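S.K.: Before I ask anything, let me first share the structure, which is written out below as structure tokens.
Quick note: the coordinates plus some simple rules give every number you see, no bench work behind them. Model, not experiment: these values are computed from the prediction. Backbone-built Cβ (ideal geometry, glycine too); neighbour counts: all protein chains shown.
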């Protein structure tokens, strides 16, 4: 009678997973981000955090005015906060677009002017 581990499927370890993936291309390795994309995303994150802090401050001021009996003046603050929200949604839409680097049609832009000079 043996007391060793029961026979079964081989266990998955990190070394076996990396050995299995060495020959296969990694997912997403073919598409590298455009130059400067990370800097743009970090700047957008910073601006978004700043605007979110501004909205929190506006909410605090509006609550203070409301509890102080000046509830009629909070509508302007609500409009400013709504405009900040719409700006954030627009920023998300702009950042979600993929850049079209090679989609410049012939005859427009720098590539079109260069092709026109060459006589194509």
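S.K.: Give the order of 32, 81 when sorted by the count of other beta carbons within 10 angstrom, beginning with the fewest. Mind dumping the intermediate values first?
M.R.: Values: 32 8, 81 19.
Ranking 32, 81 by Cβ neighbours within 10 Å, fewest first, gives 32, 81.
S.K.: Treat the count of other C-beta atoms within 10 Å as a stand-in for reagent exposure and order 84, 74 from fewest to most.
M.R.: Numbers: 84 14, 74 18.
Lowest count first: 84, 74.
S.K.: Once both labels are modelled 7 Å past Cα along the beta-carbon direction, what's the residue 46-residue 97 spacing in nm?
M.R.: Taking the simple label geometry, residue 46 and residue 97 are separated by 2.3 nm.
S.K.: Still on this structure: Classify region 47-97 as rounded, prolate or oblate, taking a ≥ b ≥ c as the square roots of the eigenvalues of its Cα gyration tensor: rounded when a/c is under 1.5, otherwise prolate if a/b is larger than b/c and oblate if not. Could you put the intermediate results ahead of the total?
M.R.: On the way: a/c = 5.85, a/b = 2.54, b/c = 2.30.
Because a/c hits 1.5 or more and a/b exceeds b/c, region 47-97 counts as prolate.
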